Amino acid sequence: MELLDPNHDTFLVFMSCVVALVAGFTGLSLTRDLSKKPVLQRQISIALASIALGGGIWSMHFVAMLGLELPILFYYDAAITLVSALTAILIVGAALVLLHFVERTPLVINAAGGIVGIGILGMHYIGMAGLQLCRAIYTPFGIAFSSVVAVCLCIVAFRVAYGRRENRNIVFGTICFAGAVCSVHFLAMAGTNFVEVPSLLEFGPTMSNEVLALGVITSSFILFGTFLWVSVTYLVASPQATDTPEAEAPEPANAPDPKPQQGLQIPCERDGARVFVSPADVALVRADGHYTQVYTERDRLFCVWPITEATKRLVTTGFLQTHRSYLVNPNKVSRFERQKDKGRCIFAMHDLPPAPVSRSKLKIIQDALSA
């Protein structure tokens, strides 16, 4: 079996790295500040970010593949090539859903990074399976090494980008993400040989490099256009608009209180305006990523406090921590329901969701509510 001697076009290799950087910055920027948005807007933003990141992974791979030069004519299977793109988008989407609809702990961030790393690997090897008239032969070391690099670099990228949602973290996370995508591709290609195959597999319609180039140019054009659209938001953002919770970026000690209060007041936002809510009017506080949602009898408000800050401030006013993600005002609880070794607090207001009571808090909450 005679091995083919591959070469790569330097310019297209460089452009593939640029595409990975643009995709990473666009996707991570689209997910900024999602905790302040309604669920539908979050879903739309996550869908767009999944297309940007997943489509960027696909575009980077095939821009680099357009630079692959072999001494024979070869084609691509259109169906397998499409499957590789959809695989990357769906797997990245699953990771983003995990980050933005589950409590964002270090374990969740690591899991999301690992999922994206698997998505990059899946996209690469599915895309390579679409080659026609030649076949890729992999070495076990090449597969193992590229897999470890993909998962580790993606975990680093998401830990950086989601550790603190600041602009510089997004930039550093972008570099790590692009490094993961490019490293997987080129490390895997370094351990890959090619042999000629005399016939087509005919799984789907075949396409030449010219046809593939049209698809890659279209996807890259959309990606770069979205990159420009997202970049504008950094230029027009007000100096005070940051993606970091106030608890992590305190004002100077001599700065005046924007609204002097008698006693503790919870800083919330309603329709883009700052409002202050008395703890006595609050029934439930729920963690939402790095922020919290505050429930009153009539409203659900966004609060910049993380759940740790809310716990520290509100427990002293009589609130009970029923779960690591929930605080309740015992004066608003209408009844307590025990469910085996767990429980939940029910409120008189039917629009309020019940607050779960964890196993470790069960006895404390029962005693407090029955006192």
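The values are calculated or read from the model by the stated rules, or taken from the named source; none is laboratory data. Treat the numbers as computed from the prediction; the structure is a model and nothing was measured. Because the Cβ atoms are built from the backbone with ideal geometry, glycine has one as well, and the counts that use them run over all protein chains shown.
Brief remarks on what is shown
- Residue within the stretch 205-226 that is in contact with a Lys or Arg (Cβ under 9 Å, 6 or more places away or on another chain), within 22 Å of Leu34 (Cβ to Cβ), surrounded by fewer than 19 Cβ atoms within 10 Å (Cβ to Cβ) and assigned by TED's automatic domain parsing to the domain that holds Ala49 present: no
- Verdict on Phe101 being aromatic (Phe, Trp, Tyr), in the same structural domain as Leu40 (by TED's automatic domain parsing) and at pLDDT below 90: yes
- The set of residues in the stretch 315-331 being under 16 Å from Pro353 (Cα atoms) and of a type in the set (Phe, Trp, Tyr) consists of Tyr326 alone.
- Qualifying residue in the stretch 224-235 (condition: aromatic (Phe, Trp, Tyr), modelled with pLDDT of 70 or more and closer than 30 Å to Lys312 by Cβ): no
Results for (1) in a strand (DSSP E or B); (2) of a type outside the set (A, V, I, L, M); (3) in contact with an Asp or Glu (Cβ under 9 Å, 6 or more places away or on another chain), shown as yes or no for each residue.
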position: Arg42; (1), (2), (3): no, yes, no
position: Ser50; (1), (2), (3): no, yes, no
position: Leu53; (1), (2), (3): no, no, no
position: Ile57; (1), (2), (3): no, no, no
position: Met65; (1), (2), (3): no, no, no
position: Pro71; (1), (2), (3): no, yes, yes
position: Ile89; (1), (2), (3): no, no, no
position: Gly93; (1), (2), (3): no, yes, no
position: Leu107; (1), (2), (3): no, no, no
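- Selected residue [among the aliphatic types (A, V, I, L, M) and over 11 Å from the mean Cα position of the chain (by Cα)] from Ile80, Ile115, Ile109: Ile80
- Among (1) more than 20 Å from Arg164 (Cα to Cα); (2) outside any helix (DSSP H, G or I), the one test that Met15 misses: (2)
- When Phe11 is tested against (1) crowded, with 18+ Cβ neighbours inside 10 Å; (2) modelled with pLDDT of 85 or more, just one condition goes unmet, and that condition is (1).
- Contacts under 9 angstrom Cβ, first residue in the stretch 75-91 being more than 21 Å from Leu48 (Cβ to Cβ), partner polar (S, T, N, Q) and assigned to a helix (DSSP H, G or I), 6 or more apart: Tyr75/Asn209; Tyr76/Asn209
- For the criterion of being hydrophobic (A, V, I, L, M, F, W, C), in contact with a Gly (Cβ under 9 Å, 6 or more places away or on another chain) and assigned to a helix (DSSP H, G or I), Leu98 fails.
- Inter-residue pairs, beta-carbon under 6 Å, first within 25 Å of Leu34 (Cα to Cα) and in the stretch 142-169, second polar (S, T, N, Q) and part of a helix (DSSP H, G or I), 6+ apart: Ile155/Asn110; Val160/Asn169; Ala161/Asn169
- Hey, Val102 without any contact (Cβ under 8 Å) to a residue 24 or more places away in the chain, out of contact with any strand residue (DSSP E or B) (no Cβ under 7 Å at 6 or more places or on another chain), at negative phi and among the β-branched types (Val, Ile, Thr) or not: yes
- Cβ pairs under 6 Å, 6+ apart, first in the stretch 22-34 and surrounded by fewer than 24 Cβ atoms within 10 Å (Cβ to Cβ), second outside any helix (DSSP H, G or I): Arg32/Asp243; Asp33/Asp243
- Filtered residues of the stretch 154-198 (kept if over 17 Å from the mean Cα position of the chain (by Cα), of a type in the set (Phe, Trp, Tyr) and in a helix (DSSP H, G or I)): Phe186
- Selection from the stretch 73-84 of residues that are assigned to a helix (DSSP H, G or I) and not aliphatic (A, V, I, L, M): Thr81, Ser84
- Residue tally, condition surrounded by fewer than 18 Cβ atoms within 10 Å (Cβ to Cβ) and more than 19 Å from Ile266 (Cβ to Cβ), over the stretch 325-350: 11
- Subset of the stretch 35-51 (residues that are touching a Leu at 6+ places or on another chain (Cβ under 6 Å), surrounded by 18 or more Cβ atoms within 10 Å (Cβ to Cβ) and not polar (S, T, N, Q)): Arg42, Ile46, Ala49
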